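The values are calculated or read from the model by the stated rules, or taken from the named source; none is laboratory data. Fair warning: this is a prediction, and the values are worked out from it, not measured in the lab. Don't worry about glycine lacking a Cβ; one is built from the backbone with ideal geometry, like all the others, and counts go over all protein chains shown.
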Amino acid sequence: MRALHTLALLLASCATTPGDDPDAATLPPGTLLLGEGERDFRAIEDGDTLLIARGCQGSQHVWMTLRSEDMDPRGMVVELAIVRADDDTLVSSPFRLRLSFTPDGGGAFAQLTGLTLQIPEPDLAIGHDLVLRGRLEDRNAVEALAERSVRVEWGDEVCSSPPG
């Protein structure tokens, strides 16, 4: 009985709670690259202008394509937002979905194309300095953040009528 009691004390003294160990490894961050495009990736740089497309369901949006590196591409939480730089007013619809990315053939990155980030009231965005913010979190809690200073303007893309 004394041996069991001693073993229990030894095990209890080894137990730690998260955050107790200053040497505990933290997960390295992943990488999120913000891009535009319906089918192809074009990296968004600070100062770029994103073009607003008129969608088939009567709304308007900017096309987004995302790339991730060093993350599990299956079932990532994707968050996107566009806010005004001067007052942090949200000018896009909230975007938060769990989506899977497609790994590229060489394994360097994974990509998600054809996302539509809605701009419900373009007058609140056009002519203002904006910040595009993105966040990914994979199944292993690896996180990636990115943001770019952008502007938005009307593009010439309009949903075409169905044939017939």
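Structure notes:
- Verdict on Ile82 being crowded, with 16+ Cβ neighbours inside 10 Å and either in contact with an Asp or Glu (Cβ under 7 Å, 6 or more places away or on another chain) or at pLDDT below 95 (or both): no
- Residue within segment 47-67 that is in a loop (DSSP other than H, G, I, E, B) and at pLDDT 95 or above present: yes
- Qualifying residue in segment 56-64 (condition: in contact with a strand residue (DSSP E or B) (Cβ under 7 Å, 6 or more places away or on another chain), among the hydroxyl-bearing types (Ser, Thr, Tyr) and under 17 Å from Gly35 (Cβ atoms)): no
- Verdict on Ala81 being of a type in the set (A, V, I, L, M, F, W, C) and either out of contact with any Pro (no Cβ under 8 Å at 6 or more places or on another chain) or in a loop (DSSP other than H, G, I, E, B) (or both): no
- Inspection of segment 70-77 finds a residue satisfying the criterion of being more than 20 Å from Glu157 (Cα to Cα), of a type in the set (Lys, Arg), touching a Ser or Thr at 6+ places or on another chain (Cβ under 6 Å) and not in a strand (DSSP E or B).
- Residue selected from segment 33-46 under the condition surrounded by 14 or more Cβ atoms within 10 Å (Cβ to Cβ) and not in a strand (DSSP E or B), by the criterion modelled with the highest pLDDT: Ile44
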